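A.B. asks: This is the structure, below, for whatever I ask next.
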Amino acid sequence: MILARVFVYGNAQAYALTELKVDQVFAHGAAEDPATRAMLESSIKLGRFFSSNEVVEGIEIKADYELAAALGCDEIQGYFIAKPMPPDEFVKWLSEYEKINHRH
């Protein structure tokens, strides 16, 4: 929706795009399907053009995760990372995730 609004009104410079969320439709199976990969790659490049944070949603398998990471995506969401969880479980999960991935 944000992208449509930017281009419909013409002047992309007038809008501050801080985050570009890439729907799972453009990510699911991208490692195997050339057309889906092209959409994912183009979306990430568009986000970089606007100096935004790119977030890819719906990553469910390792191959798609590795592709999104290799393309330089800033954030990756999906069942491959973790399933939705209550806040108290998230705090524990995040602590463990950061230990495993050496992040502080």
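A.B. asks: Obtain the nm distance between the two label points defined at Ala35 and His102 by a simple spin-label model: each point lies 7 Å from its Cα along the Cα-to-C-beta direction.
C.D. replies: Reported label-point gap for Ala35 and His102 is 4.1 nm.
A.B. asks: What does the net charge come to around Met85 if you take all other residues with beta carbon closer than 13 Å to its beta carbon, with K and R at +1 and D and E at -1?
C.D. replies: -1
A.B. asks: Determine, from the Cβ-Cβ distance of Phe49 and Tyr79 and an R0 of 30 Å, the FRET efficiency 1/(1 + (r/R0)^6), rounded to the nearest 0.05.
C.D. replies: For R0 = 30 Å, the calculated efficiency reads 0.55.
A.B. asks: Tally up the carbon and sulfur contribution to the accessible surface of the stretch 21-68 as a whole percent, 1.4 Å probe, everything protein left in place.
C.D. replies: 54 percent
A.B. asks: If you don't mind, there's one more thing I want to ask. Leaving out ligands and nucleic acids, note down the accessible area per residue over the stretch 27-103 with a 1.4 angstrom probe, in whole Å².
C.D. replies: 64 Å²
The values are calculated or read from the model by the stated rules, or taken from the named source; none is laboratory data. Not measured: the values here are computed from a predicted model. Neighbour counts are summed over all protein chains in view; Cβ atoms, including those assigned to glycine, are modelled from backbone coordinates with ideal geometry. What goes into the accessible areas is simple: the full protein's heavy atoms, side chains included, and nothing from ligands, DNA or RNA. Shrake-Rupley method; radii C 1.70, N 1.55, O 1.52, S 1.80 Å.
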